[in-house]
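One structure is given below, encoded as structure tokens.
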Amino acid sequence: MKLDQWIFIGYLLLLLIIGYLFSKRASRSIDDFLLGGRSIGAAPTAFTMQGTSMSGYMFMGGPALAYQQGWYALWYALGDAGGSIINISVLGKRMRRLSERLGALSPIEYLGKRYESSAVQIIASVISIVFISVYVFAQFIAAGKALTSLTGLPYTAALLIGVGVIITYTVFGGYLAVVWTDFVQAIIMVLGVLGITVAAVSHLGGLAALNDALAEMDPTYLSIWGKDLAYQGQWGVVLGAILIYSIGYMGLPHVVVRHMSMKSPRTARSALLWAAVWNQLFVYAPYILGLCGIVLLPHLSDPEMVIPELAYTFFPGIFAALLLSAVMAAVMSTSDSLLMQAGTILSRDIYQRYIDKKADHRRMVLVSRLLILLVGIVGVVVAAVEPPTVFDLVIFGFGVLGNSFIVPYVASVYSKKANRVGAICSMVLGAATHIVWTQAGLESVTAIHPFIGGLLFSVLGMLIGNLFGKDPSQGIQDAVEEAKHGRKISGAVDRHSARELAPEALNIARHLREHRLIPVRE
């Protein structure tokens, strides 16, 4: 067995060990299994958020786009570079406070409680399960392709090995295993991609030499409009490429759950700094490697394999092992979070709410594990057939989730008057518009990216729906107001207070108001 394969096997074993170490704590309570007991610090929060956000797309879909379109692909990187800053700044503290006050353990349960509506929770659950599954399929395909390059195994065998490791540590270790494996993997991702990018650009003689070589092959590779000027003047498409990753993360349930699991609202400030630094080091490099591939691998049959092929063709040995470990790190750090979120939605938002309302924490942990396993198995079956490319699946799944939930999540913490009708209209219109826009090919007709179309209709849905819906209860309005400013108590009291009392306090206040035992604010 080669050295690079031994290195990769060691990496997989490390992930399994982390899952084992957290397996006992994950079994203590459903709060520990689903949110890690809301105990995650700043650096782990930032790294798991960014590792989860990037996915196999950054090592396969993004480089493939750059390989096909040239410097145009960097529009996506430009939006991505600021995505973490916007995400944590807009939602971080407020969502952390409000989710605890409501006693919500999942982003979908949070929507249901914030908008006081079973319909909101059901619709959000259906959208999440369907399009998180689409996202999972993309990650599994990327895992199979990456492992095939590394081991030489057939695609199906490689798929089973890679996904098997992901499912194992996610099922047994729960959310804490996901966070700490993501932490390790985020570091590997940065080291791997920076190492190979420096090596590739140096091999070509620097960025100026790279641009000279691209200009000689086809000058339009250097254009901001893509190869052959395919997107010339289409600012609606360009704006969508920037916005989908700059604000899109605020609509992904498996990403926003990181706000809910932070140790305290104060964690958001430090997490923002960690995430911003990590992003600037990482997001541009995969696209630049795609540009290097145009020159170094001009006859590549599958553009999504540009980074693995660069690694083995020009930088064998340790470099290749490090890079392909980074590819798998990107895939795994997103896959485990997607599986975790799918299991959470199915167990907490569907099973416990509609099937077994009296299920204790042991049964809920068991159900969560079984459902994560089920989603993983279905994902393997679908990925084995190799549906569309990683880029197409990620952009589609990402866009639908973002258009469904960005507006309801943001409105939930910034507008105490945002109501259930507005949330439902926003989710349904946002998702439906993105799906129709994509499937009908309206981007080429309108010169507007599907994400922009979906976002506009989602905003309209919230604004118009709010006119017809009933205002939230006074208790919810007070909770939203409190989430804006926080509680004026010391850090010591905050750390040692019983978090389980927050939702109970809200319920007591609601009961007292309903029975007119305390005055209702006008």
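All of the numbers you see were taken from the coordinates with simple rules; none came from a lab. Not measured: the values here are computed from a predicted model. Cβ atoms come from the backbone with ideal geometry, glycine included; neighbour counts cover every protein chain shown.
Between residue 370 and residue 477, what length in nm is gained on full extension when 0.36 nm per residue of separation is reduced by their alpha carbon distance?
That pair, residue 370 and residue 477, stretches by 34.8 nm at full extension.
Once Lys and Arg get +1 and Asp and Glu get -1 on their Cβ, which of 204, 458, 421 lies farthest toward the positive end of the dipole of the chain?
Going by the Cα projections, it comes out as 421.
In whole Hz, what ³J(HN,Hα) sequence does segment 94-105 give by Karplus (6.51, -1.76, 1.60; θ = phi - 60°), x for Gly and Pro?
Working through the residues one at a time gives 5, 5, 4, 5, 6, 5, 5, 4, 7, x, 8, 10 Hz.
Working out 0.36 nm times the residue gap between residue 157 and residue 363, then minus their Cα-Cα distance, what length gain in nm do you get to one decimal?
Stretched fully, the residue 157-residue 363 segment lengthens by 70.9 nm.
Using just the Cα positions, wrap segment 323-381 in a convex hull and report its mean projected area in square nanometres, one decimal place.
4.5 nm²
Label residue 273 and residue 89 with points 7 Å out from Cα along Cα→Cβ: what is the distance between them in nm?
Placing both labels 7 Å beyond Cα along the Cβ direction yields 1.6 nm.
Placing +1 on the Cβ of each Lys and Arg and -1 on the Cβ of each Asp and Glu in segment 182-337, which of 305, 215, 272 has its Cα farthest towards the positive end of the resulting dipole?
272
Go through 99, 402, 295 and say which Cα lies farthest out towards the positive end of the charge dipole of the chain; charges sit on Cβ, +1 for Lys and Arg, -1 for Asp and Glu.
99
Holding the Cα-Cα limit at 26 Å, pick out from 93/417; 357/417; 263/357; 358/417; 263/417 the pairs that are longer than that.
The pairs that break the limit, which is 26 Å between Cα atoms, are 357/417; 263/357; 358/417; 263/417.
Can you compute 3J(HN,Hα) from phi for each residue in segment 7-21, using the Karplus curve 6.51 cos²θ - 1.76 cosθ + 1.60 with θ = phi - 60°, rounded to whole Hz and x for Gly and Pro?
Listing the rounded values in order: 4, 5, 4, x, 5, 5, 5, 4, 5, 5, 5, 4, x, 5, 4 Hz.
For segment 349-430, report the translational diffusion coefficient in µm²/s to the nearest whole number, using Stokes-Einstein at 25 °C, 0.890 mPa s, and a Kirkwood Rh over Cα pairs.
154 µm²/s
Roughly how many nanometres apart are two label points built 7 Å out from the Cα toward the Cβ at residue 463 and residue 301?
Inter-label distance under the simple model: 5.2 nm.
Mind putting a number on the dipole of segment 41-141 about its Cα centre? Charges go on the C-beta only, +1 for Lys and Arg and -1 for Asp and Glu, and I need it in Debye to the nearest 20.
Result for segment 41-141 is approximately 380 debye, rounded to the nearest 20.
Full extension from residue 356 to residue 442: what is 0.36 nm times the residue separation minus their Cα-Cα distance, to one decimal in nm?
Contour length minus Cα-Cα distance gives 26.6 nm.
Could you grab the Rg to Rh ratio for the chain? Cα atoms only, Kirkwood for Rh.
0.98
Taking the Cα centre of segment 78-209 as origin, work out the dipole magnitude from +1 charges on Lys and Arg Cβ and -1 charges on Asp and Glu Cβ, in debye rounded to 20.
360 debye
Work out Dmax and Rg for segment 249-292 from the C-alpha atoms and quote the Rg first, both in angstrom.
13.9, 43
With +1 assigned to the C-beta of every Lys and Arg and -1 to the C-beta of every Asp and Glu, and no other charges, what is the dipole magnitude of the chain about the Cα centre in debye, to the nearest 20?
2480 debye
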